[in-house]
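Accompanying notes for the structure given below.
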Amino acid sequence: MSAKGLSGVGYEGHYFWDTEMYMSPFFAYTNPKIAADLIAYRYNILPEAKKRARTLGVKDGALFTWRTINGKEASAYYPASTAQYHIDADIAYSIYRYYNVTNDDQLIKKYGLEIVLETARFWTNFGSFTKIDGQQKFCFFDVTGPDEYSAIVNNNYYTNRMAKFNLTFAIELIEKFPEKAQQLGVSEDEIKEFTTIRDAILLPFDKEKGINEQDDSYFKKPIWPFEQTPKESYPLLLHYHPLTIYRYQVDKQADTLFADFLFDDISKDQLVKEFDYYENITTHDSSLSRSIFSALAARLGLKDKAYSYFIATAKTDLIDLQGNTNDAYILPI
């Protein structure tokens, strides 16, 4: 299920995380057969994902490619593509959502557990323990989160939070399907390792602002000069060099707020602060952004904002909101 569909040239029929995080949950509720098929597709390219992990120097586990059709990486710009390692946990999340809705034990035994296990193994081998404020914290260095205007950073909040979820879900499935887990080589030592690492994953938090920080260095950067940026200079990625954008606090799309949307595990007061802060520095240059802001605004009772973001999402192509509708044209018969 490719970005812009099979008829558009914008993404050349390639497959991204959009399917797992935006579409698969919908199908889990409305047409679970499609959701199951999407999981089966990921299982079929799992061998390529294992190869990709080895290519990047990770000795165990699997790393799904960012942009693909056949399991091989098709993106030429690795800082904003391959470095989005969170795709592993995104795929695990789609399996979690499907299973939570359907209780389909057979699919978990056939496909799900192995995918979740191999992605969990990736995190344990990709990250490393680092002493921070006197404590051993498990960190992930040189990653890119959903926000493609901040690339190759340390401890992206969304990535770390999703890795924590991935390990938690792996442990749950191992405990529920011990025989299958044993067939896949799971040991008691590995379960303990998953638990230890999960509990030690660093989640960046700024005490002064009282909000989660998008990554270790995010709040140290100056805020993008929005007032000096003309309307015709958006989307920024088409008018400024990436290395210029990377030096500022500016979001292409929901990032830390995406984690807030998925897990709903912070107080309302903190969510209000985070929503206000990140809303002010988000350009919504990605069509994946406004829907998340809409959902969070609704959760906070901001009805006008929720509706405004929702209707903008619904009309994205109808009014050519992103200025790229011509990239998804219908081929003439």
Can you work out which of the residues in the stretch 251-271 that are over 14 Å from the mean Cα position of the chain (by Cα) and open to solvent by 20 Å² or more (accessible area, probe 1.4 Å) is nearest to Tyr11 (Cα to Cα)?
Asp264
Looking only at the stretch 291-298, decide whether some residue is touching a Ser or Thr at 6+ places or on another chain (Cβ under 8 Å) and touching a residue at least 24 places away in the same chain (Cβ under 8 Å).
yes
Among the residues of the stretch 312-325, write down those that are outside any loop (DSSP other than H, G, I, E, B) and open to solvent by 50 Å² or more (accessible area, probe 1.4 Å).
Ala314
In the stretch 68-91, which residues are closer than 21 Å to Lys4 by Cβ and open to solvent by less than 10 Å² (accessible area, probe 1.4 Å)?
Thr68, Gly71, Ser81, Gln84, Ile87, Asp90, Ile91
Restricting to the stretch 17-50, name every residue that is open to solvent by less than 20 Å² (accessible area, probe 1.4 Å) and either among the hydroxyl-bearing types (Ser, Thr, Tyr) or assigned to a loop (DSSP other than H, G, I, E, B) (or both).
Trp17, Thr19, Ser24, Ile45
Taking the stretch 68-90 as the region of interest, how many residues are over 18 Å from the mean Cα position of the chain (by Cα) and either assigned to a helix (DSSP H, G or I) or charged (D, E, K, R) (or both)?
1
Given the condition in contact (Cβ under 8 Å) with a residue 12 or more places away in the chain, assigned to a helix (DSSP H, G or I) and surrounded by fewer than 16 Cβ atoms within 10 Å (Cβ to Cβ), answer yes or no: does some residue in the stretch 51-67 qualify?
no
Residues to consider are Phe165, Phe138, Phe177; find the one that is touching a strand residue (DSSP E or B) at 6+ places or on another chain (Cβ under 7 Å) and either modelled with pLDDT of 95 or more or over 25 Å from Gln106 (Cα atoms) (or both).
Phe138
Glu274 being assigned to a helix (DSSP H, G or I), more than 21 Å from the chain's Cα centre (by Cα) and either within 19 Å of Leu296 (Cα to Cα) or among the acidic types (Asp, Glu) (or both):
no
Among the residues of the stretch 148-159, is there at least one that is within 30 Å of Glu279 (Cα to Cα), touching an Asp or Glu at 6+ places or on another chain (Cβ under 7 Å), open to solvent by 20 Å² or more (accessible area, probe 1.4 Å) and modelled with pLDDT of 95 or more?
yes
Inspect all residues belonging to the stretch 17-27 and state whether any of them is β-branched (Val, Ile, Thr) and under 24 Å from Ser286 (Cβ atoms).
yes
Qualifying residues in the stretch 216-250 (those that are assigned to a loop (DSSP other than H, G, I, E, B) and of a type in the set (Val, Ile, Thr)) - the one least open to solvent (accessible area, probe 1.4 Å):
Val250
Here are some residues: Ala254, Ala306. Which one is on the phi < 0 side of the Ramachandran plot, modelled with pLDDT of 95 or more, among the small types (Gly, Ala, Ser) and outside any helix (DSSP H, G or I)?
Ala254
For the stretch 154-191, what are the residues that are among the small types (Gly, Ala, Ser) and closer than 14 Å to Gly112 by Cα?
Ala170, Ala181
Considering (1) out of contact with any Gly (no Cβ under 7 Å at 6 or more places or on another chain); (2) in contact (Cβ under 8 Å) with a residue 60 or more places away in the chain, say which one Pro230 fails and leave the rest.
(2)
Do the conditions hold for Thr119, that is, is it open to solvent by 10 Å² or more (accessible area, probe 1.4 Å), touching a helix residue (DSSP H, G or I) at 6+ places or on another chain (Cβ under 9 Å) and farther than 30 Å from Leu243 by Cβ?
no
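The values are calculated or read from the model by the stated rules, or taken from the named source; none is laboratory data. Quick caveat, the model's predicted, so the values are computed rather than measured. Every residue, glycine as well, gets a Cβ built from its backbone with ideal geometry; the counts of neighbours run over all protein chains shown. Heads up: the accessible areas ignore ligands, DNA and RNA and are worked out on the full protein's heavy atoms, side chains in. Shrake-Rupley method; radii C 1.70, N 1.55, O 1.52, S 1.80 Å.
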